[in-house]
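Below is one structure; the comments refer to it alone.
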Amino acid sequence: MLNEARILIVDDLPENLLALDALIRQDGLRIHQAHSADEALALLLRHEFALAILDVQMPGMNGFELAELMRGTERTRHIPIVFVSAAGRELNYAFQGYESGAVDFLHKPLDPHAVRSKVHVFVDLYRQRIAIRHQLETIEEARRRQERLVEELQATQAELQRAVRMRDDFMSMVSHEMRTPLNTLFLEAQVRKMHLARGNTKPFEPPQLRAMIERDERYIQSMIRLIDDMLDVTRLQRGTLSIAPKRFDIATLVGRIVEGFTHQAAAADCTVSLKAPASLETELDEFRIEQVVANLLTNAFRYGPGKPVEVLLDEWNGGVRIDVRDYGRGIATEDQQRIFQQFERAVDNKVSAGLGLGLYIVRQIVEAHGGTISVASTLGEGATFSVWLPKAAPAVEPA
């Protein structure tokens, strides 16, 4: 029972125990009888009691000694103790009982009404104490829940603030990265307009015109890459980036990509070497694999200008391995996992252009194919990005 209270009665005479048990027994009470102090101690260790009624005169350990033990133990020191004695009042047991920590002292023969009233009072006090304890526990649990909620809200607030900062940084980076090629194209257009207004056609002769077109293409491709990166991140966040495998020769694809980066390599004063088999058939998403290799090459030129870049393609561990190695500034150990997150770069934003999305997109594409990507690097000695892909990847439909 939830409101059940236990009463301990201790007396060495069985007839006294039976009489006292019958006197105080009522609904909601459980009476425990002990014939000695030792039996009482065993019960006190197992149960919580609302009241202990102890006979003073017992063989072995008497009631006063048992009370002193109870008062000296944390578990039992708060149990109210009532002493019962048949000895005459002239022995002054009552004074000794109160000194031992008793709350009351009863003389035999017992007054039934007085005994029941006292038991009722102590049981009520016990139940009130239990109710208060439960209320305090409830309040404490509510306080702990409130603290956890505050911590969660603070964490959410910090995350929201971080998201706002990331958004602001992202918008700032996008504005900067888009403004540079747009400003250049605008200035080029103004210069051409001025030449045409003056009738000066010499800058538009075939060699100069070809250089103009190639320059315009580079600026336009730069902006297209930025837009594509932003679209891919949006697709990844929405779970709508799909993988559509088809059969193709990845050796031919990587060779074509490396050849297509000739101008970028020259602009970065880098040489590019490729080591690959003559042919290597795979069933992957060709467009997405091109993104992976192109992003890794772009990074290699950006962070290793004036140094050679090496590309290795080979069969490995039942799949395909692509290594892109540069000899540039390298990446600190503590940054080698961070750089695969959104808007993260291994160097300060002012040092390097870009949105910090390339490696994040690369990792998502590789993992969507069931592959892995890792980096090995030492500061000042360059970095090697290693991609492993299965030869055949499962199709991934948009979520």
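The values are calculated or read from the model by the stated rules, or taken from the named source; none is laboratory data. All figures in this text were calculated on a predicted structure; none of them were measured in a lab. Reconstructed Cβ throughout: ideal geometry from the backbone, glycine too, with neighbour counts over all protein chains shown. Protein only, heavy atoms only, side chains kept; ligands, DNA and RNA dropped before computing areas. Shrake-Rupley method; radii C 1.70, N 1.55, O 1.52, S 1.80 Å.
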Open item on the list: Taking amide H atoms as placed 1.01 Å from N in the peptide plane, list the residues 5 or more away in sequence, or in a different chain, whose amide H sits under 5 Å from that of residue 61.
Closed with: 37
Open item on the list: Under 5 Å between amide hydrogens, which residues at least 5 positions from residue 30 or on another chain qualify, with H placed 1.01 Å from N in the peptide plane?
Closed with: 5, 6, 7
Task: Per-residue HN-Hα couplings for segment 256-272 [Karplus 6.51, -1.76, 1.60; θ = phi - 60°; Hz; x = Gly/Pro] - done: 5, 5, 4, 5, x, 9, 4, 5, 5, 5, 5, 5, 8, 6, 10, 9, 10
Open item on the list: I'd like to compare 53-66, 109-122: which one has the highest average count of other Cβ atoms within 10 Å, and what's the full order after that?
Closed with: 53-66, 109-122
- [ ] Treating cross-link reach as a plain straight distance, find the lysines whose alpha-carbon is under 30 Å from the alpha-carbon of residue 246, omitting any fewer than eight places away in the same chain.
- [x] 275, 391
TODO: Would you mind checking which residues have amide H under 5 Å from residue 106's amide H? H placed 1.01 Å from N; only 5 or more apart, or other chain.
DONE: 83, 84, 85
Task: Anchor residue 118: lysines whose Cα lies under 25 Å away (excluding residues fewer than 8 positions away in-chain) - done: 108
Task: In Hz, Karplus ³J(HN,Hα) per residue of segment 185-201 (6.51, -1.76, 1.60; θ = phi - 60°; x = Gly, Pro) - done: 4, 5, 5, 4, 5, 5, 5, 5, 4, 5, 4, 5, 5, 8, x, 8, 9
Open item on the list: For the pair residue 224/residue 159, report the inter-label distance in nm, with labels modelled 7 Å from Cα in the Cβ direction.
Closed with: 3.8 nm
Open item on the list: Using the Karplus curve 6.51 cos²θ - 1.76 cosθ + 1.60 with θ = phi - 60°, what ³J(HN,Hα) values do you get for each residue of segment 111-125, in whole Hz, with x for Gly and Pro?
Closed with: 8, x, 5, 5, 5, 4, 4, 5, 4, 4, 4, 5, 5, 4, 4
Open item on the list: Given a 1.4 Å probe and heavy atoms of the protein chains only, how would you sort 279, 386, 242, largest accessible area at the top?
Closed with: 279, 242, 386
Open item on the list: What whole-number distance in Å separates the alpha-carbon centres of segment 264-327 and segment 195-229?
Closed with: 28 Å
